[in-house]
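> Got a structure for you, written out below as structure tokens; questions coming shortly.
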């Protein structure tokens, strides 16, 4: 997978995100129950939990890290345990999650609950996972209600219709009100440039160049930086390689570009237009606007650099640089925060961050064959999918984290401010934004039976979170949110396969080996091309193309295309 780890936003991004940092494990849910019992963590139960809420501990492994996990000692975790009797003894991946999942699969001893993301096939091949179809049908009315017709998208493959993981990484009915990616520019640079149109890489470059020429150093005499990239490990995808397709009209399908009508698959770097995107980065390096440390700095160094306020431009997702931006805001340096712009190579392309996928099943949480009580486990997951569960996990406890005024849930300003400016401590204390990927849930923009949104990400709430500098910048562009600057979803055809990075890879497929070979070559050649002398760029690029051809790129494309077409058949039959 490439960009689910980023968006992991927009999407991911994505979707992916996130994910990896504050808020990666945050839960939502379905439609069976009321808000009443959530006010103080009372004793009310929903139908899905049945009469048994005696104490039980489930072991749990997640392929995503959760740095703010408290062992369910936070306020929301305590309510979850009181409501269901369940406590999670959780382990989160450290380092390479693929290696950890492989170790679990080969061990023959499995945690009760497992969230393996795109490595679920290793566990399925090992016979580790239960088919949840009957458990869902008998004990999970909320999961069934939330997923509705999309439940079939949880089936494992065209050949195997078992449900080994209920999808928890995407919200049903999701609408995207926030843009967390695109190309970022400091508000002060955009203001000084007179709030120009920022649609192409040339527009973006012009703002940076103009600001750096006038302000080569900060107030302390330290050199200002035009653009920095984060190429530390898999972040290479997020800030270096994924933007090549976002800016040239191709949606996020990991390392592949896929024709929406024919499903023809191409390793996306083989698209001639992407060569021109990397040529632009080469140009930025040549004229001194690209940070020379981009390909050697570590992630912590990258964030520390941004926190100084010296970096004018970024190409990233806000979940990845957000900690650094929060430090700037905490210091009152709001004009050194960033806006999001839908930059493309030229105006002939539309920025593709919000290309619709339909409901994105695929990644989720499953129950292993070693689970001590599968029925209690599915009932716990079903509680998370209830209306009561969703409100609890998204909004918190009534009277403590939100109030109801004239029938509407309202977040007090002091709570809203803490969520933005003291996010880490707030999450650890409350648990809000910590359990999302544990449960099936509705997406942003979906309302419950009371007329309130299930999640706190909706236009009015988002707009209240903007500071005055952000509001001024948005007003200059005559929009109310950064999302308003990006193309609308209905400007694209829905991808009938969802996203290629979300497709399970069979354990006996050559794709994994081929993808790793291609990745190793790409991660060597792309930096080399960007840092080369402009006169040598074409020579480096041609060598790159020959390298991936020798490594079997055409076979990788063929095998991926077969999987995509099988997914289309599975989801649309």
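> Taking neighbour counts of Cβ atoms within 10 Å as a proxy for exposure, in what order, fewest first, do 150, 115 appear? Intermediate values should be presented prior to the final figure.
On the way: 150 18, 115 26.
In order of increasing Cβ crowding within 10 Å: 150, 115.
> Mean residue ellipticity at 222 nm from the helices of the chain, using -39,500 (n - 2.57) per DSSP H segment of n ≥ 4 over the full residue count, to the nearest 500 deg cm²/dmol?
Working: 20 runs with 209 residues, N = 573.
Mean residue ellipticity at 222 nm (helix-derived): -11000 deg cm²/dmol.
> Distance between the C-alpha centers of the stretch 246-288 and the stretch 527-554? Whole Å please.
Measuring centre to centre over Cα atoms gives 14 Å.
> Right, here's the next one. Applying a 10 Å radius around every beta-carbon, put 187-194, 463-470 in order of their mean neighbour count, most first. Intermediate values should be presented prior to the final figure.
Values: 187-194: 17.8, 463-470: 15.1.
Highest-to-lowest ranking by the protection proxy: 187-194, 463-470.
> Please work out, to two decimal places, the log10 of the ratio I(q)/I(0) at q = 0.10, 0.11, 0.16 Å⁻¹ from a Debye calculation in which every Cα of the stretch 257-414 carries one identical scatterer.
Computed log10 I(q)/I(0) values: -0.75, -0.88, -1.16.
> A follow-up question, please. At q = 0.09, 0.21 Å⁻¹, what is the base-10 log of I(q)/I(0) for the stretch 416-558 according to the Debye formula with one equal point scatterer per Cα and no solvent? Please give it to two decimals.
Once normalised to I(0) and log-transformed, intensities are -0.62, -1.22.
> Over the Cα atoms of the stretch 253-331, what radius of gyration and what Dmax do you get, in Å?
Final numbers for Rg and Dmax: 16.7, 52 Å.
> On to the next question. So what is log10(I(q)/I(0)) for the stretch 354-488 at q = 0.13, 0.15, 0.17, 0.19 1/Å, when the Debye sum runs over its Cα atoms only?
-0.72, -0.92, -1.12, -1.27
> Need one word for the stretch 484-533: rounded, prolate or oblate. Basis is the Cα gyration tensor (sqrt eigenvalues a ≥ b ≥ c); a/c below 1.5 gives rounded, then a/b vs b/c decides.
Values: a/c = 4.73, a/b = 1.18, b/c = 4.00.
The shape class here is oblate.
> Taking each pair of different alpha-carbon atoms in the stretch 506-572 once, compute 1/r for the pair, average those values, and report the inverse of that mean as the Kirkwood hydrodynamic radius in Å to one decimal. Spell out each step's value before the answer.
Values: mean 1/r = 0.0742 Å⁻¹.
Here the Kirkwood hydrodynamic radius works out to 13.5 Å.
> Which whole-number percent is the relative contact order of the stretch 183-341 (Cα, under 8 Å, 6+ apart)?
Working: 203 pairs, mean separation 60.4, N = 159.
Contact order relative to length: 38 percent.
> Here is a further query. Fewest to most neighbouring Cβ within 10 Å: what's the order for 72, 360?
Values: 72 20, 360 24.
Final ranking by Cβ density, sparse to dense: 72, 360.
> Report the equivalent ellipsoid semi-axes for the chain in whole Å, largest first, defined as the square roots of five times the eigenvalues of the gyration tensor built from alpha carbon atoms. Spell out each step's value before the answer.
On the way: eigenvalues 287, 178, 80 Å².
They are 38, 30, 20 Å, listed from largest to smallest.
> Give the Rg/Rh ratio for the stretch 183-341, taking Rg as the radius of gyration of the Cα atoms and Rh as the Kirkwood radius, to two decimals.
Answer for the stretch 183-341: 0.98.
> Next question, about the same structure. Over the C-alpha atoms of the stretch 133-231, what are the Rg and the largest Cα-to-Cα span, Dmax, in Å?
Radius of gyration, then largest Cα-Cα span, for the stretch 133-231: 24.4, 67 Å.
> Next question. With all distinct Cα pairs included, what does the Kirkwood hydrodynamic radius of the stretch 286-332 come out to in Å, to one decimal, could you say?
Values: mean 1/r = 0.0879 Å⁻¹.
For the stretch 286-332, the Kirkwood estimate is 11.4 Å.
> Using a 10 Å cut-off on Cβ atoms, rank the peptides 125-133, 442-450, 381-389, 428-436 from the highest mean neighbour count down. Intermediate values should be presented prior to the final figure.
On the way: 125-133: 18.6, 442-450: 16.8, 381-389: 30.0, 428-436: 22.9.
By packing density, highest mean first, the sequence is 381-389, 428-436, 125-133, 442-450.
Just so you know, all these numbers are worked out from the coordinates, no wet-lab data involved. These numbers come from a predicted model, not from an experiment. Please note: Cβ atoms are built from the backbone with ideal geometry, for glycine as well, and neighbour counts cover all protein chains shown.
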